Amino acid sequence: MSATNSDRPRKKLVQVQHLKQYFNPGKPNEVKAIDDISFDIYEGETFGLVGESGSGKSTTGRSIIRLYNPTSGKILFDGQDISRIKHRDMLEFRREMQMIFQDPYASLNPRMKVKDIIAEGLDVHHLVKNDQERDARVNELLNLVGLSRDHATRYPHEFSGGQRQRIGIARALAVQPRFIIADEPISALDVSIQAQVVNLLREIQQEQNLTYLFIAHDLSMVKYISDRIAVMHNGRLMELAAADEVYNHPLHPYTKSLLSAVPRPDPMYERSRHRTDYDDSIEFDNHPRTLQEIVPGHFVFAAADELADYQATAEKYLHEASALGKSPLNA
Amino acid sequence: MSEQADKLELTPDSFKRVGANDTDAQEKISAPSLTFFQDAIRRLKQNKAAIISFWLLAIIILISIVSIWWTPSDPNAQHVAYANLPPKIGNGIPGFTGQANVGGQLVDKYAQANVPKGTYYILGTDYLGRDLFSRLMKGIALSLLIGMLATLFDLMIGVPYGIISGWRGGHTDTIMQRIIEIISSIPNLVVVILMLLLFTPGLGSIVVAMGITGWITMARLIRAETLTLKTQEYVLAARTIGESPFKIATKHLIPNLSSTIIIQTMFSIPTAIFFEAFLSFIGIGIPAPNASLGTLLSDGQKTFRFLPYQMWYPAAAISIIMIAFNLLADGLRDAFDPKTNN
């Protein structure tokens, strides 16, 4: 996957450049939710964003879709700076970018029927001419997410978590967006339902050539759906690489710590599992750090004097991989 | 064991699938579809006190509507000769015999006053010979009208004010909240007295005075609720879809605020009625000769020791209205918001 990245330059759909998002700036209760992050999302890929609670993942998603106004930095969507979108072009931007929310119980208005929830975007953007067309489109969307047309006249509280999340997906798809931000869409669901929703998201992506920003804290699920993964901690990006690279060849100690916490359904392994603790004091040694490319396509948040260490680790991975007779990039 | 296994031959055909076969059947919801309001009404029906209150209020409102066109006699017509007659219903029900206790002896007041046979005053007459039952009907109607009008102000000012203040947040919110604090720091009574300097006493000035101060509780409740609602994901979803703030308010906020609005309305109607009664009682409310519950109580208490019926019935009426509104409001709150039940 990462090989294709370097082979031919793909179109960058979303570019985040030095984004900072502070809440209550300049006050005693200032919160630096996002502190200078930059990354690009290519058209057609799934970009995974992982990190622990409070690391700024959701804030990043909400800044990109302009629910918040960034403190500084730029977000470009299709080459256009989203903070400079004029009022009359805003509606068009809203149509192209959509969001799937975390809590399926809070993301649907309890006083609206399912068909009105799904058709909200259709109404706002005048995508349908009359009621028949509206109903037909709603039925089509319900069908797409695996619900039946009988559900259109029901209220959200009558549905299970997974069904509700699928209604949320249908609502996002109604306006035919190009880019969808999935803000922990599966973390509130049962494990059995998680796969259902993730597979649905994948199918739809293939059918409609969508680009996803997939935010989650569950590394194994992110690895399953993402092409590239960014690891976030304390409002900064720690590591950014192809999904398999992050999963198999982590470089940053924080990523290693996160990976060591992923449970495996293997009692023998679990009994001897050793959790690596991450000591974030290494970030506060006053060395200026930026994202540095260690191996092509693999970035790590590092200071200049740490580069050699990271390169040595990457080298070691390469040797291990070649010893096993595999290319490290297609592990 | 092995013997049994030999006898028992298992093939895929020997299994029968139990339960739903296709996904459509799995996803089917068999429960009847209830809207939020249907569900709330179902819960309300289980609350006996609220239901009794509801029917009492329905009867009282019906009586006051009837009083617009018909009362047993003209509520403002004076028959000085028939002054202070006790209640009388033709068939001799105790308490409604038209007799009064004068110096230890029961005296038929109707005979004394030479009231023609067949003329009864169900609740008696006042010191000017006006029919108290008709006055009570008119009085209830006027008090309810004041309650409704004051509540209309509540809704028209309080709800938009609270939504704007909560939704905009920041400086707008701060300024709007300071304005509320300034208004609420002036006692109602002072506002009413100031209004009386500008306007003639009466329905208009009472309603305006209550309108100026009454919406504050509503605005505060709505603002607090809006602050929670605006961070709800469905409101964020509406924003990302590109819904305009006005549409978000009407489609998402107001339907979800409706229970707060209804409950607060039900509490503010009796407050307004009570405030009017208080103003009329101290003599700065509804001017004579119009009847309201307050003026009836005020007239009645002057002769309460000798002619207690003149105050009992208006007092009973206002008590029933207050209790019924409060019990119904309580019931509605439990029905709309089952979480706050305990």
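Identify, from the list B:Ile216, B:Ile183, B:Ile222, the residue that is farther than 29 Å from B:Gly294 by Cα, at pLDDT 85 or above and in a helix (DSSP H, G or I). Before you say what the answer is, go through the steps one by one.
On the way: B:Ile216 fails: farther than 29 Å from B:Gly294 by Cα; B:Ile183 fails: farther than 29 Å from B:Gly294 by Cα.
So the residue among B:Ile216, B:Ile183, B:Ile222 that is farther than 29 Å from B:Gly294 by Cα, at pLDDT 85 or above and in a helix (DSSP H, G or I) is B:Ile222.
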Does any residue of the range B:309-321 turn out to be in the same structural domain as B:Leu229 (by TED's automatic domain parsing), buried (at least 17 other Cβ atoms within 10 Å of the Cβ) and either out of contact with any helix residue (DSSP H, G or I) (no Cβ under 9 Å at 6 or more places or on another chain) or not in a helix (DSSP H, G or I) (or both)? no
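Inside the range A:106-123, can you point out the residues that are of a type in the set (A, V, I, L, M, F, W, C) and closer than 25 Å to A:Glu184 by Cβ? Steps first, please.
So the first thing to find is which residues in the range A:106-123 are of a type in the set (A, V, I, L, M, F, W, C), and the list is A:106, A:108, A:112, A:114, A:117-119, A:122.
Within the range A:106-123, A:Ala106, A:Leu108, A:Met112, A:Val114, A:Ile117, A:Ile118 qualify.
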Could you tell me how many of the residues in the range B:230-256 are in a helix (DSSP H, G or I) and farther than 17 Å from B:Met176 by Cβ? 18
Applying the selection to the range A:293-310, what residues are touching a residue at least 12 places away in the same chain (Cβ under 8 Å), surrounded by fewer than 17 Cβ atoms within 10 Å (Cβ to Cβ) and under 12 Å from A:Ala241 (Cβ atoms)? A:Pro296
Matching residues, the range B:109-128, being over 25 Å from B:Thr295 (Cα atoms) and either of a type in the set (Gly, Ala, Ser) or surrounded by fewer than 20 Cβ atoms within 10 Å (Cβ to Cβ) (or both): B:Ala111, B:Gln112, B:Ala113, B:Asn114, B:Pro116, B:Lys117, B:Gly118, B:Thr119
Can you tell me which residues in the range A:47-97 are assigned to a strand (DSSP E or B) and within 24 Å of A:Thr255 (Cβ to Cβ)? A:Phe47, A:Gly48, A:Leu49, A:Val50, A:Gly51, A:Gly73
Any idea how many residues of the range A:60-78 are surrounded by fewer than 22 Cβ atoms within 10 Å (Cβ to Cβ) and free of Cβ contacts under 8 Å to residues at least 60 places away in the same chain? 9
How many residues, within the range B:265-283, are buried (at least 24 other Cβ atoms within 10 Å of the Cβ) and farther than 17 Å from B:Gly139 by Cβ? 1
Number of the condition not met by B:Glu225 [criteria: (1) more than 21 Å from the chain's Cα centre (by Cα); (2) more than 14 Å from every other protein chain (Cβ to nearest Cβ); (3) among the charged types (D, E, K, R)]: (2)
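With the condition kept exactly as written, say whether any residue in the range A:114-128 is in contact (Cβ under 8 Å) with a residue 60 or more places away in the chain and not charged (D, E, K, R).
Applying the first criterion (in contact (Cβ under 8 Å) with a residue 60 or more places away in the chain) to the range A:114-128 yields none.
No, that holds for no residue.
Hey, could you check the range A:176-194 for residues that are among the acidic types (Asp, Glu) and within 16 Å of the chain's Cα centre (by Cα) and say which is nearest to the other protein chains (Cβ to nearest Cβ)? Steps first, answer last, please.
To start, the set of residues in the range A:176-194 that are among the acidic types (Asp, Glu) comprises A:183-184, A:190.
Checking the rest, the ones that are also within 16 Å of the chain's Cα centre (by Cα) come to A:183-184.
Numbers: A:Asp183: 9, A:Glu184: 11 Å.
Selected residue: A:Asp183.
Can you pull out every residue in the range A:195-230 that is among the polar types (S, T, N, Q) and crowded, with 20+ Cβ neighbours inside 10 Å?
Kept after step one, since they are among the polar types (S, T, N, Q), are these residues of the range A:195-230: A:196, A:199, A:205-206, A:208-209, A:211, A:220, A:226.
Within the range A:195-230, A:Thr211, A:Ser226 meet the criteria.
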Among (1) part of a loop (DSSP other than H, G, I, E, B); (2) more than 30 Å from B:Phe274 (Cβ to Cβ), which single condition is B:Ile122 missing? (2)
Out of all the residues in the range B:24-41, is one or more among the small types (Gly, Ala, Ser), surrounded by fewer than 14 Cβ atoms within 10 Å (Cβ to Cβ) and away from chain A (no Cβ under 14 Å)? no
Does any residue of the range A:27-35 turn out to be modelled with pLDDT of 90 or more, out of contact with any helix residue (DSSP H, G or I) (no Cβ under 8 Å at 6 or more places or on another chain), crowded, with 16+ Cβ neighbours inside 10 Å and not charged (D, E, K, R)? no
Top-ranked residue of the range B:284-308 - restricted to ones that are buried (at least 22 other Cβ atoms within 10 Å of the Cβ) and at pLDDT below 85, ranked as nearest to B:Gly124 (Cα to Cα): B:Ile286
Regarding the range B:261-283, can at least one residue be identified that is part of a helix (DSSP H, G or I) and within 14 Å of another protein chain (Cβ to nearest Cβ)? yes
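The values are calculated or read from the model by the stated rules, or taken from the named source; none is laboratory data. Predicted model only: the values in this text are computed from it and were never measured. Ideal geometry is used to build each Cβ from the backbone, glycine not excepted, and the neighbour counts take in all protein chains shown.
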